[in-house]
Amino acid sequence: MGNIVVELYNETPKHRDNFVKLVKDGFYNGLLFHRVIANFMIQGGDPDSRNAEHKKRLGEGGPGYTIPAEIDYPLHWHKRGALAAAREGDDVNPERRSSGSQFYIVWGKVQSKAAMEAMKQSMYEATDGEFEVPDEIMESYETNGGTPHLDGEYTVFGEVVEGLKTVKAIQWVRTDKYDRPVKDVKILKAEIVE
């Protein structure tokens with residue numbers, strides 16, 4: 001559907017190095033964007049998606065390891081185009097360790113000023129006044145969109161620098177009841193661009 005170029009953050013070295021290794025090993029070639037939710041995100045990196053039968057539910061596969069969380073909010077947040085690591089929920093993963101291979105790219109909605117003010121107040125109260133959402137983040141969500149409810153919960157380790165139109169097109173494809181695209185959306189080839 002097009003090219004997507006991502007820049008990886010140096011502040012999340014374990015995620016950066018793991019992603020680079022998997023790309024160099026050809027791990028992502030031929031995998032699907034197996035979970036797509038309009039106005040939210042597109043997710044890929046499940047090795048079980050390679051040559052998966054149509055209608056098969058995906059999302060449980062990985063390389064056999066997880067990565068320690070490198071959550072660096074508010075330095076990195078779930079703005080539109082953010083690249084983040086998928087993970088199991090807090091109930092089975094209280095350390096918030098990331099999947100060894102599954103990732104998602106945020107699309108998200110443009111947030112209203114009122115919604116962001118409510119989130120800012122909620123965050124302030126939850127931290128007894130220790131933390132206030134920075135104006136830069138507030139403005140980004142109100143202007144460009146994203147998924148602020150995921151901030152501080154998942155490791156954001158990069159961002160799209162080219163190809164947001166491709167992300168937009170993918171997040172609008174028709175999906176089944178498991179959020180899997182009805183027509184496969186495949187990563188043809190992932191490669192390192194210096």
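The values are calculated or read from the model by the stated rules, or taken from the named source; none is laboratory data. Nothing here was measured: the structure is a model prediction, and the numbers come from that model. As a convention, Cβ positions derive from the backbone with ideal geometry for all residues, glycine included, and neighbour counts pool all protein chains shown. Keep in mind that these areas ignore ligands, DNA and RNA; they rest on the heavy atoms of the full protein, side chains included. Shrake-Rupley method; radii C 1.70, N 1.55, O 1.52, S 1.80 Å.
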Item checked: Across 109/165; 165/186; 55/109, pairs whose alpha-carbon gap is larger than 22 Å -> 55/109
Checklist line | the chain: mean projected area of Cα convex hull, nm² | finding: 11.1 nm²
Check: Of the heavy-atom accessible surface of the range 88-194 (probe 1.4 angstrom), what whole percent is carbon and sulfur?
Finding: 48 percent
Check: Which net charge results when you count Lys and Arg as +1 and Asp and Glu as -1 among the other residues whose beta-carbon is under 11 Å from that of residue 6?
Finding: -2
Note to self: Could you give the length gained by full extension between residue 192 and residue 149, i.e. 0.36 nm per residue of separation minus their alpha carbon distance, to one decimal place?
What the structure shows: 12.4 nm
Check: Amide H to amide H, which residues 5 or more places from residue 109 or on other chains are under 5 Å from it, using H placed in the peptide plane?
Finding: 146
Margin query: Quick check on the range 149-194: take the gyration tensor over C-alpha atoms, sort the square-rooted eigenvalues as a ≥ b ≥ c, and tell me if it's rounded (a/c under 1.5), prolate or oblate.
Written below: oblate
Note to self: Among 129-135, 108-114, how do they line up by average Cβ neighbours within 10 Å per residue, starting with the highest?
What the structure shows: 108-114, 129-135
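Suppose all protein chains stay in the model; what accessible area per residue would a 1.4 Å probe give for the chain, in Å²?
Result: 55 Å² per residue.
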Checklist line | Net charge of Cβ neighbours under 11 Å - reference residue 76; Lys, Arg +1; Asp, Glu -1 | finding: -4
Checklist line | Residues with amide H under 5 Å from that of residue 97, placed H, sequence gap 5 or more | finding: 69
Notebook entry, point to check: Near residue 114, within a Cβ-to-Cβ distance under 15 Å, what is the net charge of the other residues, with Lys and Arg +1 and Asp and Glu -1?
Noted result: 0
Checklist line | Cα centroid separation - the range 1-27 against the range 137-184, whole Å | finding: 17 Å
Check: Label points 7 Å out from Cα along the Cβ direction at residue 5 and residue 93: separation in nm?
Finding: 3.0 nm
Next item on the list: Calculate, for residue 117 and residue 177, the FRET efficiency according to 1/(1 + (r/R0)^6) with r their C-beta to C-beta distance and R0 30 Å; round to the nearest 0.05.
Entry: 0.25
